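The values are calculated or read from the model by the stated rules, or taken from the named source; none is laboratory data. Being a predicted model, the structure only gives us computed values, none of them experimental. Glycine also receives a Cβ, built like all others from the backbone with ideal geometry; neighbour counts cover every protein chain displayed.
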Amino acid sequence: MTPTDFFNTLGAPLKGVQWSWGARREGDGTVFMRVWQDEIEISEGSRYVRLTNSQTAKKYKEEHDREKLGYRERLDQIEFLRNGAKCYLVMCIAAAKEAIPRKIKDFDKDRLFPAGRIVQRENDWWAELLPPVRVHQVKLK
């Protein structure tokens with residue numbers, strides 16, 4: 001199953017298959033976001049995962065207009081979260097951690113991570129990782 005197919009099964013199709021990092025399910029407003037497994041940090045006893053990487057985005061978007069679309073969409077999705085939308089994170093493994101842009105080598109097709117607190121540190125947004133749930137618990141019935 002491709003990441004695009006996965007988002008479709010969640011009822012949250014990607015707006016741009018080439019540039020979307022996540023999607024919002026229209027039926028209930030739930031947001032689903034791709035995140036990177038190697039961008040998890042511990043802070044104050046909780047695990048957080050990076051939602052934005054402003055340094056990489058700035059460097060890359062100067063050269064590629066489509067990245068501007070993905071970054072802008074991610075900021076819009078974060079605004080939904082800050083206003084109380086439910087969010088689940090799709091844990092991805094990068095094919096090459098140093099690549100810009102990264103490509104997905106694999107992703108967790110069985111579990112989603114609910115997002116807890118959303119915090120801003122320096123110029124980036126981070127989400128608290130809550131215990132994972134099975135994908136079938138999140139799909140619309």
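Some observations on this one:
- So Phe32, is it in a strand (DSSP E or B), closer than 18 Å to Ser20 by Cβ, modelled with pLDDT of 95 or more and not polar (S, T, N, Q): yes
- Any hit, the stretch 86-107, residues being surrounded by 18 or more Cβ atoms within 10 Å (Cβ to Cβ), at pLDDT below 95 and not β-branched (Val, Ile, Thr): yes
- The residue of the stretch 58-85 that is nearest to the chain's Cα centre (by Cα), among those that are modelled with pLDDT under 95 and among the aromatic types (Phe, Trp, Tyr), is Tyr71.
- Leading residue by the ranking (nearest to Lys68 (Cα to Cα)) among those in the stretch 95-110 that are charged (D, E, K, R) and assigned to a loop (DSSP other than H, G, I, E, B): Arg102
- Exclusive hit being in a loop (DSSP other than H, G, I, E, B), at pLDDT 95 or above and closer than 21 Å to Pro132 by Cβ, set Ala23, Ala12: Ala12
- Look at the stretch 29-41: where a residue is without any contact (Cβ under 8 Å) to a residue 24 or more places away in the chain and a partner is basic (Lys, Arg), sitting 6+ places away or on another chain with Cβ atoms under 7 Å, you get Glu39/Arg50.
- The residue that is modelled with the highest pLDDT, among those in the stretch 42-54 that are of a type outside the set (Gly, Ala, Ser) and exposed (fewer than 12 other Cβ atoms within 10 Å of the Cβ), is Ile42.
- Residues that are touching a helix residue (DSSP H, G or I) at 6+ places or on another chain (Cβ under 6 Å) and either part of a strand (DSSP E or B) or farther than 13 Å from Leu51 by Cα (or both) within the stretch 113-141 comprise Ile118, Asp124, Trp125, listed in sequence order.
- Of the residues Tyr71, Tyr88, the single one that is among the hydroxyl-bearing types (Ser, Thr, Tyr) and part of a strand (DSSP E or B) is Tyr88.
- Subset tally (residues that are on the phi > 0 side of the Ramachandran plot and of a type in the set (Asp, Glu)) for the stretch 3-47: 1
- In summary, Arg117 fulfils each of the numbered conditions (1) exposed (fewer than 15 other Cβ atoms within 10 Å of the Cβ); (2) within 15 Å of Ala23 (Cβ to Cβ); (3) of a type in the set (D, E, K, R) with the single exception of condition (2).
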